[in-house]
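In what follows, a structure is listed as structure tokens, so that the remarks can point back to it.
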């Protein structure tokens, strides 16, 4: 079994019981997006694949520093499965750089791709599903009409709909690569259409 197959199995076991937004399938969607974004670029695919699979491996509900913990856990896992040791540091860097809330600027191409892929998975149809699922699990309201969205996202929204305005609709302006931005345009428009329909139905207009 290759290190890649071993890694997928480890990630499945570690993340299977996580919340829907940060579970094994999130890792695989980010992995697939990373391959799509990186296929025409001169990237180290070993680093990119490993970073994508492991970027949230330590994620748990209400664990604040899961990016740092995932980087530490990734280093140990990669040493154990025979991943090229000289590349482990690059994987760790990608994982530490990826998180939206940190606001870090990725430097390596592999880190930029991972950062973009992780953010793209938060928008579009998948993003809507993730936002609603997470809001339900946290027992948040779908929308509270008299609470306006915050100007700057601080890690928690007062309602699911506010989360779109505070974070999700802004993601397209915080991506690194041209290809990522093209994907984000279509996914953002889909969310805007959803919100237009939502407000009409909320008011009983449709």
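The numbers here are math on the coordinates, done by the rules we state, and not lab data. Note that the coordinates shown come from a computational prediction; the quantities given were computed from them, not determined experimentally. Cβ sites come from the backbone with ideal geometry, for glycine too, and all protein chains shown count toward neighbours.
Miscellaneous remarks
- Derived from the Cα gyration tensor, the three semi-axes of the equivalent ellipsoid of the chain are 32, 18, 14 Å, largest first.
- Using alpha-carbon coordinates, inclination of helix 178-202 to the longest axis of the chain, degrees: 30 degrees
- In plain terms, the chain from residue 181 to residue 154 could stretch by 7.4 nm, reckoned as 0.36 nm per residue minus the Cα-Cα distance.
- Segment 122-206: translational diffusion in µm²/s, Stokes-Einstein, Kirkwood Rh over Cα pairs, 10 °C, 1.306 mPa s: 118 µm²/s
- Ellipticity estimate at 222 nm from DSSP helix runs (n ≥ 4, -39,500 (n - 2.57)) divided over the chain, nearest 500: -19000 deg cm²/dmol
- A simple spin-label model places pseudo-atoms 7 Å from Cα toward Cβ; at residue 4 and residue 76 they are separated by 2.7 nm.
- Choice from 43, 91, 57 with maximal GNM fluctuation in the chain (Cα, 10 Å cutoff): 43
- Segment 1-116: C-alpha gyration tensor shape, a/c 1.5 cut-off, then a/b vs b/c: rounded
- For segment 1-87, the relative contact order comes to 29 percent (Cα pairs under 8 Å, sequence separation of at least 6).
- Between 0 and 90°, nearest 10: helix 24-38 axis offset from the chain longest Cα axis: 80 degrees
- Sequence-separation-based contact order of segment 74-206, relative, with Cα cut under 8 Å and 6+ spacing, percent: 21 percent
- Spatial separation of Cα centroids for segment 120-178 and segment 1-16, in angstrom: 30 Å
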